[in-house]
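Student: Provided herewith is a single structure, encoded as structure tokens, for subsequent inquiry.
The values are calculated or read from the model by the stated rules, or taken from the named source; none is laboratory data. A quick note: this is a predicted structure, and the numbers were derived from the prediction, not measured. Positions of Cβ are backbone-derived with ideal geometry, glycine not excepted, and every protein chain shown enters the neighbour counts. Please note that ligands, DNA and RNA were not included when accessible areas were found on the heavy atoms of the full protein model with its side chains. Shrake-Rupley method; radii C 1.70, N 1.55, O 1.52, S 1.80 Å.
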Amino acid sequence: MKLRIAVLPATLAALLLTACGKDDGPLPPLAYVPADTPYVMGAIEPIPQAVADEWLRLSNTLLPMYRDLLDQAITELEGKAAEEAEGLALLRGLRAELEGKADLAQLADAWGLTLTPLSAFYGIDLVPVMRVELADATRFAEGIARMETAAGAALTRGTVDELSYWSFQTDEAPLRLVFATQGNQLVATLAPTTADDALLRRLLGLELPEDNLLDAGTLADLNKRLGYVAYGSGYLDHARLFELFAKPMTGSQGAFLKALKITPPDATSEACMSEGRALTAQWPRTAVGYTRFDASGYSMRALIEAPKPVMDDLRTVLAPTPGLAEAASALMSFSFALKADALPPLASKWANAVRSAPWTCEALQPLNESFSELGDAMQNPAVYAVGPSANAFHVLLSKFELPPGGFSSGETPTFEGKLLIGSPNPQGLVAMARNFVPQLAEFRLETDAEPVALPTLPDSPVELQLFGAASSQALGIAIGEAQRDSLRASLAVDAAGPQPLFQFSYQGKFYGGVMRSVMEEAAKADPNAPDMSAMFKLYEDLIERADGQMLFTADGIEFTAEYVVPKR
């Protein structure tokens with residue numbers, strides 16, 4: 001069996017370690033991270049044991065699915081010729097690791113892992129390094145040995161100073177994965193095939209950074225400013241990345257570029273250095289972290305820090321979205337809001353600014369043309385036509401039931417919901433509809449009046465009960481009589497609250513149920529296809545609701561996500 005098969009044991013270990021690893025080591029993982037790292041994601045504190053236990057309980061439902069998928073893969077390979085089934089022994093080894101395990105805690109224990117991790121993923125220059133605490137390094141090594149036996153091939157061993165490490169690489173690959181247990185921690189990185197000991201010392205943490213991120217307090221300060229909890233946060237340092245890319249043959253990345261046979265430009269021009277530094281000073285960092293992580297779920301926030309004048313400009317295109325208060329209770333919700341008539345003046349402003357001070361760096365010069373084209377494109381009459389008519393669209397699904405025979409039955413699912421349109425002139429939209437749909441010629445909607453039934457459209461492919469209502473800021477259509485009474489309340493907008501560019505929300509029972517039905521239909525069509533319906537059943541069991549938003553805030557371009565798990 002070829003050596004490349006041995007990559008899979010480490011892949012399993014890496015997947016396990018994303019959820020495991022805490023002990024009383026001499027230095028926390030963040031103490032090995034250089035203070036000037038260009039990127040990092042790490043934890044200052046481990047998650048509480050009670051939180052880990054709850055997430056373990058939820059995750060244990062994955063084990064039967066893993067076993068089933070491995071069984072299916074093994075059965076498929078057993079029917080093939082030996083040269084086409086070189087991974088069969090390894091899959092059997094993976095299946096043996098799951099045999100007799102009642103939960104993931106037993107699997108973690110067998111590999112010397114724990115459920116309350118401290119970890120860090122970071123760059124030494126541009127080179128990625130992962131460091132995770134272990135409960136028992138000996139059991140981790142025993143796990144690797146079991147997988148080597150199953151694969152019928154051994155990983156390459158090496159030593160730098162007194163530290164023994166494993167490594168492997170695929171045939172003719174210029175880089176290899178190197179990993180080792182160092183005290184109570186696992187450290188993994190990439191290295192050129194011919195990496196010298198000096199480079200390995202630095203990457204594996206035998207040579208500590210002169211200034212480290214933990215002592216610098218960078219993540220602690222970031223967490224305090226952006227409201228992140230200590231269980232996981234990080235950033236991309238745009239300025240540091242630029243400096244490293246501008247001088248690619250220095251530091252650790254020089255050895256990697258040589259191994260990859262990449263020849264960078266001889267030198268970066270003075271104009272590119274000056275303009276690149278100016279850009280990264282204005283857009284200094286992308287930060288990401290958890291704002292909540294507990295037994296009930298978690299919330300995340302990512303922020304691309306941007307200059308205030310740019311954000312002031314972008315916020316002029318935002319519009320209030322009707323019905324946002326209902327998003328969390330709907331089966332599914334999606335909205336998009338944008339003042340189209342604010343785009344042309346903004347595009348012209350930016351295009352004129354670039355024309356008056358164009359980029360001179362060769363690598364940035366395409367931006368000159370892009371901004372010029374953007375300014376011209378936004379002068380399209382269609383953009384001006386949309387602006388006064390509609391500036392927000394919000395779809396809310398409140399009921400969805402598949403027919404007894406599923407999607408393949410040819411019958412239409414039963415559904416109810418609402419379509420809400422934010423508009424500076426809702427009555428203008430009604431008049432436009434009357435001009436294009438003859439059946440609506442006599443139809444009228446009074447502002448802030450009770451919802452009224454819409455005329456039946458004879459060519460409609462589905463017979464629906466539709467009701468309309470209008471306010472001074474929105475137009476709404478309810479699908480289904482049960483949605484009629486709440487339609488007026490759905491038209492409300494919160495002009496003073498957050499105004500997302502777009503947002504989505506869905507309940508796990510909706511997404512998981514629909515996708516599970518799709519998988520079941522696929523299995524009927526092809527009995528030999530892997531049965532993935534169990535995976536989507538997990539959405540119904542593990543996710544009560546998922547939400548996401550994109551916002552333009554005073555701090556920058558922001559993305560938020562929240563996942564809520566069902567109550568016990």
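Student: How do the peptides 293-304, 118-129, 352-363 rank, highest first, by the average count of neighbouring beta carbon atoms within 10 Å per residue?
Tutor: Details: 293-304: 18.7, 118-129: 21.5, 352-363: 13.2.
For the peptides 293-304, 118-129, 352-363, the packing ranking is 118-129, 293-304, 352-363.
Student: Which entries of Lys308/Lys349; Lys339/Lys509; Lys418/Lys509; Lys80/Lys537; Lys399/Lys524; Lys80/Lys101 show an alpha-carbon separation above 22 angstrom in the structure shown?
Tutor: Values: Lys308/Lys349 16 Å; Lys339/Lys509 34 Å; Lys418/Lys509 19 Å; Lys80/Lys537 31 Å; Lys399/Lys524 26 Å; Lys80/Lys101 29 Å.
Among Lys308/Lys349; Lys339/Lys509; Lys418/Lys509; Lys80/Lys537; Lys399/Lys524; Lys80/Lys101, the Cα-Cα distance tops 22 Å for Lys339/Lys509; Lys80/Lys537; Lys399/Lys524; Lys80/Lys101.
Student: Could you tell me what a quarter of the Cα convex hull surface of segment 325-452 works out to, in nm² with one decimal place?
Tutor: On the way: hull surface 54.6 nm².
Spelled out: convex hull of the Cα atoms, projected over all directions, averaged, 13.7 nm².
Student: Hey, which aspartates and glutamates would be in cross-link range of Lys261, C-alpha to C-alpha under 14 Å, not counting anything within fewer than 8 residues on its own chain?
Tutor: Answer for Lys261, where 14 Å is the Cα cut-off: Glu172, listed by chain and number.
Student: Report, to one decimal in Å, the Kirkwood hydrodynamic radius for segment 262-315 based on all distinct Cα pairs. Write out the running numbers ahead of the final one.
Tutor: Values: mean 1/r = 0.0688 Å⁻¹.
So the Kirkwood estimate lands at 14.5 Å.
Student: Can you tell me the length gained on complete extension of the stretch Ala453 to Asp71, counting 0.36 nm per residue apart and subtracting the Cα distance? Write down the numbers at each step before the final one.
Tutor: Working: separation 382, 0.36 × 382 = 137.52 nm, distance 5.52 nm.
Gain on extension, Ala453 to Asp71, equals 132.0 nm.
Student: Taking all protein chains in place and a 1.4 Å probe, what share, in percent, of the accessible surface of segment 325-380 do carbon and sulfur account for?
Tutor: Working: 1920 of 3110 Å².
Carbon and sulfur atoms account for 62 percent of the accessible area of segment 325-380.
Student: How much space per residue, in cubic angstrom, does the convex hull of the C-alpha atoms of segment 38-108 take up? Write down the numbers at each step before the final one.
Tutor: Details: hull volume 9.4 nm³, N = 71.
Normalising the Cα hull of segment 38-108 by residue number yields 132 Å³.
Student: With θ taken as phi - 60° and the coefficients 6.51, -1.76 and 1.60, list the Karplus ³J(HN,Hα) couplings across segment 105-110 in order, rounded to whole Hz; mark glycine and proline as x.
Tutor: Per residue, the Karplus-derived 3J(HN,Hα) values read 4, 5, 5, 4, 5, 5 Hz.
Student: Using a 1.4 Å probe on the protein heavy atoms, what percent of the accessible area of segment 126-175 belongs to carbon and sulfur? It would help to have the intermediate numbers written out before the result.
Tutor: Working: 1130 of 2220 Å².
C and S atoms contribute 51 percent here.
Student: Shape verdict for segment 304-369, please, from the Cα gyration tensor: rounded (a/c under 1.5), prolate (a/b greater than b/c) or oblate. Display every interim value, and only then the final one.
Tutor: Working: a/c = 3.18, a/b = 2.48, b/c = 1.28.
Prolate, since a/c reaches 1.5 and a/b exceeds b/c.
Student: Suppose every K and R has +1 on its Cβ and every D and E has -1 on its Cβ; what is the size of the dipole of the chain about the Cα centre, in Debye to the nearest 20?
Tutor: Details: 44 positive and 71 negative charges, 90 e Å.
Using Cβ point charges on Lys, Arg, Asp and Glu, the chain gives about 440 debye.
Student: Sticking with this structure for a sec: Between [x] 32.9; [y] 26.9; [z] 31.3, which matches mean projected area of the Cα convex hull in nm² calculated for the structure shown?
Tutor: [z]
Student: May I pose another question? Give me a comma-separated list of calculated 3J(HN,Hα) values for segment 415-425, in order, Karplus coefficients 6.51, -1.76, 1.60 applied at θ = phi - 60°, integers in Hz, x for any Gly or Pro.
Tutor: 8, 9, x, 9, 10, 10, 10, x, 7, x, 8
Student: Find which of Ala150, Ala554, Gly297 sits farthest along the positive direction of the dipole of the chain, computed with +1 on the beta-carbon of Lys and Arg, -1 on that of Asp and Glu, about the Cα centre.
Tutor: Ala554
Student: Still on this structure, I have one more. Output ³J(HN,Hα) for segment 189-194: one whole-Hz value per residue in order, computed from phi by the Karplus curve 6.51 cos²θ - 1.76 cosθ + 1.60 with θ = phi - 60°, and x for Gly and Pro.
Tutor: After applying 6.51 cos²θ - 1.76 cosθ + 1.60, I find 7, 9, 8, x, 4, 9 Hz.
Student: Tell me whether segment 226-330 comes out rounded, prolate or oblate; compute the Cα gyration tensor, take square roots of the eigenvalues as a ≥ b ≥ c, and use a/c under 1.5 as the rounded threshold.
Tutor: Oblate shape, in that a/c is at least 1.5 and b/c is the bigger or equal ratio.
Student: What's the magnitude of the charge dipole for segment 280-417 around its Cα centre, counting Lys and Arg as +1 and Asp and Glu as -1 at the beta-carbon? Answer in Debye, nearest 20. Intermediate values should be presented prior to the final figure.
Tutor: Details: 9 positive and 13 negative charges, 87 e Å.
So the dipole magnitude of segment 280-417 works out to roughly 420 debye.
Student: From Cα pairs below 8 angstrom and at least 6 apart in sequence, can you work out the relative contact order of the chain, rounded to a whole percent? All intermediate terms of the calculation are to be shown ahead of the outcome.
Tutor: On the way: 1099 pairs, mean separation 75.5, N = 568.
Once divided by the residue count of the chain, the mean separation gives 13 percent.
Student: Additional query: Under a 1.4 Å probe, what is the accessible area of the chain per residue, stated in Å²?
Tutor: Numbers: 27980 Å² over 568 residues.
Per residue, the chain has an accessible area of 49 Å².
Student: Whole Å is fine, so just give me how far the alpha carbon centre of segment 542-568 lies from that of segment 288-365.
Tutor: 15 Å
Student: Relative to the first principal axis of the alpha-carbon coordinates of the chain, what is the inclination of helix 88-98, with its axis defined by its Cα atoms, in degrees from 0 to 90 and to the nearest 10?
Tutor: Taking the Cα atoms of the chain, the angle to 88-98 is about 80 degrees.
Student: Also, quick follow-up: Roughly speaking, what % of Cα-Cα pairs in segment 417-509 are separated by over 21 Å, rounded to a whole number?
Tutor: Numbers: 1566 of 4278 pairs.
For segment 417-509, the fraction of Cα-Cα distances above 21 Å is 37 percent.
Student: For all pairs of alpha-carbon atoms in segment 103-233, what percent lies in each bin of width 10 Å, listed from the first bin to the last filled one?
Tutor: Spelled out per bin, shortest first, that is 11, 35, 35, 17, 3, 0.
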